[in-house]
Amino acid sequence: MTALDAPQRTSIRVLGHPWELQQVQGAPDFPAITPLATWGILTLESCGLTRAQGRRVAAVHEAAHAVLFHTAGYDIEGVEVYPDDPRAPHPWQRPGDGHTTVGALRPGACPTPGAVFSALLAGQVAAQLWLEREGVANDRSRLLTYSTAAFDHERLLSTHGAAFLYGDAEPPDDWRGPVFRVDALIAAAGRDLTRQWPVVAAVARFVDEHGAAHAGQLAELLAAHERPGRVGAR
């Protein structure tokens, strides 16, 4: 069991089985379940994915954030995936390279912390769901969806004096603050994304085709597939 102090914040993360702190060359350390030796830099090609599939995974990743933040009660201002530019020093090669801009909380909405945390984790969860649905999931492709995206997103799991527990981890004996189980947050995201997969897929197709979707376009896509329900778990 490993406790990880989070710099410049009061939350802590505690890793328990089956989570381990992983390292891939060129990426910061990050928690993951998929076991690995140091495989070097992961690329789409080494994971058995085409660039077209990688772009779709990026679109699915961002669409998932948009859908679960929308369900939690937030307006979504825009979604985009970054272009593959061979002239760039480090050409795009990983799922999750894109951006979702979350706007203001809609009047009357009261999202729970769990709903927000599940929405933050939704990108890599949706990416793995897509890999499995397409029959291209393997240890490397799963790890690719986490290798940088997980670091980016799980670092955002933060609330004053909270402990975020992975796997079978337990908080320190003297812990008196709130506790969130990351596995439960991931499971909640998976359930909500599975239930709302038609809208995730619709947003992802649009963003994949056009490169971006602005607030009005997203509102139309989301409204066309609106389903009741709340997201999140504690």
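Among the residues making up segment 1-51, those that are assigned to a strand (DSSP E or B) and at pLDDT below 85 are Thr2, Ala3, Leu4, Asp5, Glu20, Leu21, Gln22, Phe30, Pro31, Ala32. Within the option set Ala219, Ala223, Ala213, being touching a Gly at 6+ places or on another chain (Cβ under 7 Å), farther than 25 Å from Ala32 by Cα and either of a type in the set (Gly, Ala, Ser) or in a helix (DSSP H, G or I) (or both) holds for one residue only, Ala213. Of the helices (runs of 4 or more DSSP H) lying entirely inside segment 130-196, those containing at least 3 residues that are surrounded by 15 or more Cβ atoms within 10 Å (Cβ to Cβ) and among the hydroxyl-bearing types (Ser, Thr, Tyr) span 139-147. Quick check, is Pro89 farther than 19 Å from Ala189 by Cβ, outside any helix (DSSP H, G or I) and at pLDDT below 95? Yes; evaluated as a whole, the condition is true for this residue.
The values are calculated or read from the model by the stated rules, or taken from the named source; none is laboratory data. Given the structure is predicted, the values throughout are model-derived calculations rather than measurements. Backbone-built Cβ (ideal geometry, glycine too); neighbour counts: all protein chains shown.
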